[in-house]
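The values are calculated or read from the model by the stated rules, or taken from the named source; none is laboratory data. This one's a predicted model, so the numbers in the text were calculated from it and none came from an experiment. Cβ sites come from the backbone with ideal geometry, for glycine too, and all protein chains shown count toward neighbours.
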Amino acid sequence: MLSNLKPQAPDSILKLIEEFKADTRQGKIDLGVGVYKDPQGVTPVMRAVKAAEQRIWETQTTKAYTGLAGETDYRDAMARMVLRDVPSDRLASLATVGGTGAIRQALELARLANPGVTVHVSNPTWPNHLSIMKFMGLPFVEYRYFDAETRGVDFDGLKADIAKAGKGDIVLLHGCCHNPTGANLTPEQWAEIAAILEKSGAIPLIDLAYQGFGDGLDADAEATRLIAARLPEVLIAASCSKNFGIYRERTGILFALAENSAARDLAQGSMAFLNRQNYSFPPDHGSRIVSTILTDEALRADWAAELEEVRNTMLGLRAQLASELRDLSGSDRFDFIGQHRGMFSRLGATPEQVQKLKTDAAIYMVGDSRLNIAGLNQHTVPVLARAIIDAGI
Ligand code: PLP
Ligand code: TYF
């Protein structure tokens, strides 16, 4: 049986990790996988996470199963963090295995409710969106998103394409900090998107993996809140991997905003059912860390302050890189790096130029020229800027 298996194509982002490790050159720079690194190159455990873990260790008296949908404390605290004003009578929620698990369960739920569902995704999008849909056999079409000239959003193209999504189709949107481009929509543009979806009856699935990494915890949730306030049905897949720095704890959540409380109950039942079919109970440790932090004023304040430090470090690196490139290129054509938000920016370089950065300068970024800003520090920014110019980008 097992010899019938076919080799699976590796994830292009994860493959880079191995390539980088194997490179023996001094001064190599890893701008690949989207993991935050401080200026010393360390992905730290946040202070509030350590404190919460200690508190859990001291007070936890059982490791018996939690609820199938996860703990209520976690789901309520996350609903407040994401939505602020929570329409409790319409909101179903499910603790999941990371944000990826939330996306997977959202797509499963959509298909359960509408077996003929088509998913509309941005071009480009996070490669895992595509591979999960392919694996599930879910039909999907791409909508225009990135303007290769300006490195901003092609909003006219986006509007024209998402208007084609029919009633009951899913439109997958990045709530903030678009991965892989770093180009984002303005609040006014989000309002236009809400109006298009309102008219068509297509259902937004918002992937919120970077709340707090762009313009701030509230600012990054603004689009999600606007959509949730305007539309009768919304799915939201949120991840705690980045903003709590608990990547390996696999902590995520799926919200389903339903038209009314009867539909909410149906959604809640189906969501718990989906957890049971896939892995039964969701993991608890990460979500308990999150609820411990969010429900304690002091821990929450300390966590929010550290998250702000992380966000501002990345903004500082963006400004420095844009400025170095302005000087070296004698033009403002790289200013988009300062305007992008989140961990990533797409440079708009060719695969050959990306390869040249790797070969000539030991700088690793994803083949589509996505770079992880957090892989840089004050000293490596000028090295990258020089290499970008030398590679003819
Ligand atoms: N969605 C996007 C766009 C991401 O970049 C990520 C990645 O980290 C996720 C979802 C989910 O991450 P995780 O499953 O690690 O919580
Ligand atoms: O895009 C990234 O780099 C992050 C991390 O299969 C990641 O979202 C990358 C690939 C993957 C899972 C997570």
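Search the range 150-184 for residues being hydrophobic (A, V, I, L, M, F, W, C) and out of contact with any Asp or Glu (no Cβ under 9 Å at 6 or more places or on another chain), and hand back the single one that is surrounded by the most Cβ atoms within 10 Å (Cβ to Cβ). So, considering only residues that are hydrophobic (A, V, I, L, M, F, W, C) and out of contact with any Asp or Glu (no Cβ under 9 Å at 6 or more places or on another chain), the one surrounded by the most Cβ atoms within 10 Å (Cβ to Cβ) is I170.
Could you pull out the residue among L14, L31, L2 that is within 16 Å of ligand 2 (Cβ to nearest atom), without any contact (Cβ under 8 Å) to a residue 24 or more places away in the chain and of a type outside the set (G, A, S)? Just one listed residue meets the conditions, L14.
Here's the yes/no breakdown for (1) away from ligand 1 (no atom under 16 Å from the Cβ); (2) more than 23 Å from H174 (Cβ to Cβ); (3) touching a strand residue (DSSP E or B) at 6+ places or on another chain (Cβ under 9 Å):
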| residue | (1), (2), (3) |
| --- | --- |
| A298 | yes, yes, no |
| D302 | yes, yes, no |
| E308 | yes, no, no |
| L325 | yes, yes, no |
| R333 | yes, yes, no |
| I337 | yes, no, yes |
| Q355 | yes, yes, no |
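Taken as a whole, the condition of being outside the structural domain of L208 (by TED's automatic domain parsing), surrounded by 14 or more Cβ atoms within 10 Å (Cβ to Cβ) and closer than 30 Å to I388 by Cβ applies to V33. Within the range 1-13, which residues are in a helix (DSSP H, G or I) and either of a type outside the set (A, V, I, L, M, F, W, C) or surrounded by 12 or more Cβ atoms within 10 Å (Cβ to Cβ) (or both)? Matches in the range 1-13: S3, N4, S12, I13. Condition test on T251, is it within 16 Å of ligand 2 (Cβ to nearest atom) and in the same structural domain as R90 (by TED's automatic domain parsing)? In short, yes. Just one of the listed residues (E233, E249) is more than 10 Å from ligand 1 (Cβ to nearest atom) and not small (G, A, S), namely E233.
Checked against the criterion of being of a type in the set (K, R) and within 16 Å of ligand 2 (Cβ to nearest atom), the candidates R318, R341 yield just one match: R341.
Highlighted here are the helices (runs of 4 or more DSSP H) found entirely within the range 39-146 that include at least 3 residues which are assigned by TED's automatic domain parsing to the domain that holds L197 and away from ligand 1 (no atom under 16 Å from the Cβ): 72-83, 98-113. Restricted to helices (runs of 4 or more DSSP H) entirely inside the range 324-393, those with at least 3 residues that are surrounded by fewer than 19 Cβ atoms within 10 Å (Cβ to Cβ) are 351-361, 380-390. Taken over the range 108-133, the criterion of being within 16 Å of ligand 2 (Cβ to nearest atom) and touching a residue at least 40 places away in the same chain (Cβ under 8 Å) is satisfied by V121, S122, P124, T125, W126, P127, N128, H129, S131. Pairs linking a residue in the range 368-393 that is farther than 22 Å from A183 by Cβ to a residue that is modelled with pLDDT under 95 and assigned to a loop (DSSP other than H, G, I, E, B), with Cβ atoms under 6 Å and 6 or more positions apart or on different chains, are N377/P39. On inspection, L294 fails the criterion of being over 25 Å from T224 (Cα atoms) and either in contact (Cβ under 8 Å) with a residue 12 or more places away in the chain or assigned by TED's automatic domain parsing to the domain that holds R104 (or both). Output yes when any residue across the range 233-245 is in contact with a helix residue (DSSP H, G or I) (Cβ under 9 Å, 6 or more places away or on another chain) and surrounded by fewer than 18 Cβ atoms within 10 Å (Cβ to Cβ), and no when none is. Checking the range 233-245: not a single residue is in contact with a helix residue (DSSP H, G or I) (Cβ under 9 Å, 6 or more places away or on another chain) and surrounded by fewer than 18 Cβ atoms within 10 Å (Cβ to Cβ).
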